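Q: Here you go, one structure.
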Amino acid sequence: MKKLFVLVSVVALFAAVACKSNTPSAEQLKADSIKKADSIAAVMAADTTKKVDSTVKDTAAKKVEAAKPEAKKKK
């Protein structure tokens, strides 16, 4: 009977350890949220830069195209 009690206790101990919840600490949650916010900000900054670059290129292309007919009209 004593061996059975020890065996059941050991199995219960392993079950308790295996089923332990892995909830992250408050510090880890804060660090993860900061990391996510930084990565989102970096992506948004990159997207904004691409939009500005494409707008500048489009504006420059329009100015060049607008200047071409004027050069033909002057001749």
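Q: For Val43, state whether it is modelled with pLDDT of 90 or more and among the hydrophobic types (A, V, I, L, M, F, W, C).
A: The answer is no for Val43.
Q: I need every pair where a residue in the range 27-38 that is at positive phi has its Cβ under 7 Å from the Cβ of a residue that is assigned to a helix (DSSP H, G or I) and at pLDDT 90 or above, sequence separation at least 6 or different chains.
A: Within 7 Å, no pair qualifies.
The values are calculated or read from the model by the stated rules, or taken from the named source; none is laboratory data. Predicted, not measured: the structure shown is a model, and the values here were computed from it. Neighbour counts are summed over all protein chains in view; Cβ atoms, including those assigned to glycine, are modelled from backbone coordinates with ideal geometry.
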